[in-house]
Amino acid sequence: MDVLGVDIGGSGIKGAPVDLARGELAEERFKVLTPQPSTPDAVADRVREVTEHFGWSGRPVGVTFPGVVTHGTARSAANVDKGWIGVDVARMLGERVGSPVTVLNDADAAGFAEMTFGAGRGRTGTVILLTFGTGIGSAVFVDGRLVPNTELGHLELAGHEAEKRASSKAKDDHDLNWQQWAHRVRKYLAHVEMLFSPELFVIGGGVSRKAAKFLPLIEGIRAEIVPAELRNNAGIVGAGMAAAADPRAARNAPGPRPAGAGPDDAPGPAGPASPAGGTPGDGAAAGAG
């Protein structure tokens, strides 16, 4: 089944068809800027621009969202407009783009891709993927099973929200050199390690392509630290995986919702199997969570 993955970020919205057998983009990705303000209507128009670029209509689309997603609905919106909170994202985007849409947290999507095709492939124990971009996203896996919507970028660090101190946006905003930024990232990783004792940190987001500039500067962390193998395409691939594995994607196809249907009436979790046979858990299935 052909699927399109779309990754909504605080600064950009990018997408591409996904080769699910290889965990790669089947075509060159297409990117547009995230509108400011990033209201639901404005972002939905940009998502439609991405789908139209690929001539995509009526076929499954997986979409990542930068916030907590439960039962297809946004419960937080840290780096997009607060108007998203309470919106049935899967339903709303499905109507806008004319395709069945599956929605999940952006870091969770990247985590599924890395655990299946990338740096976390075959790893057991506790694995934490962290995406450094406009904010800091997180995906926590225990023996291959996801703990969804962890949002560890909002932990407190030095009296501030961690992503305000250690995201790649914070690096740019504060004009930090690699050494200075790596010092902040090390403090953040040490705090996360103290709380979760992972065996592996996978570092994703756009900055992962420059891992050689900062990972060697991070010392004193017991866990292994590696860059994401899929780099900044992990979210697109994970979104495609979620859409392909979601048997209820048609629930979000355009048209009237069945009588009595609502965001909380769908059956339990469904989505791409993790390496240890787990499922994405709450928030991954279209309109279901």
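The values are calculated or read from the model by the stated rules, or taken from the named source; none is laboratory data. All of these numbers come straight from a predicted model, not from anything done at the bench. Every residue, glycine as well, gets a Cβ built from its backbone with ideal geometry; the counts of neighbours run over all protein chains shown. Ligands, DNA and RNA are excluded from the accessible area calculation, which covers all protein heavy atoms including side chains. Shrake-Rupley method; radii C 1.70, N 1.55, O 1.52, S 1.80 Å.
Listing for the model above:
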| quantity | calculated |
| --- | --- |
| Pair list, Cβ < 9 Å and 6+ apart or interchain, from the stretch 24-46 residues that are within 14 Å of Val237 (Cα to Cα) to residues that are of a type in the set (Asp, Glu) and exposed (fewer than 15 other Cβ atoms within 10 Å of the Cβ) | Phe30/Glu49 |
| Total residues in the stretch 54-105, condition farther than 19 Å from Ser11 by Cα, open to solvent by 10 Å² or more (accessible area, probe 1.4 Å) and over 14 Å from the mean Cα position of the chain (by Cα) | 19 |
| Matching residues in the stretch 123-153 - criterion: being touching a Pro at 6+ places or on another chain (Cβ under 6 Å) and of a type in the set (Gly, Ala, Ser) | Gly144 |
| Test for Glu156: is it more than 20 Å from Phe112 (Cα to Cα), free of Cβ contacts under 8 Å to residues at least 60 places away in the same chain and under 23 Å from the mean Cα position of the chain (by Cα) | yes |
| Filter pass, Arg96 being of a type in the set (D, E, K, R), assigned to a loop (DSSP other than H, G, I, E, B) and either modelled with pLDDT of 95 or more or under 25 Å from Leu195 (Cβ atoms) (or both) | no |
| Residue match in the stretch 42-49 (condition: open to solvent by 10 Å² or more (accessible area, probe 1.4 Å) and farther than 13 Å from Ile13 by Cβ) | no |
| Selection within the stretch 112-156 - assigned to a helix (DSSP H, G or I) and hydroxyl-bearing (Ser, Thr, Tyr) | Thr116 |
| Residue among Thr134, Thr116, Thr126 that is under 14 Å from Gly240 (Cβ atoms) and touching a residue at least 12 places away in the same chain (Cβ under 8 Å) | Thr116 |
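Condition check ((1) under 13 Å from Gly133 (Cα atoms); (2) open to solvent by 80 Å² or more (accessible area, probe 1.4 Å)) across all residues:
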position: Ala162; (1), (2): yes, no
position: Lys169; (1), (2): yes, yes
position: Asp173; (1), (2): yes, yes
position: Gln180; (1), (2): no, yes
position: Phe201; (1), (2): no, no
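Here's the yes/no breakdown for (1) at pLDDT 95 or above; (2) of a type in the set (Val, Ile, Thr); (3) closer than 18 Å to Asn233 by Cβ:
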residue	(1), (2), (3)
Val101	yes, yes, no
Arg121	yes, no, yes
Thr124	yes, yes, no
Thr131	yes, yes, yes
Ile136	yes, yes, no
Phe141	yes, no, no
Gly144	yes, no, no
Asn149	yes, no, no
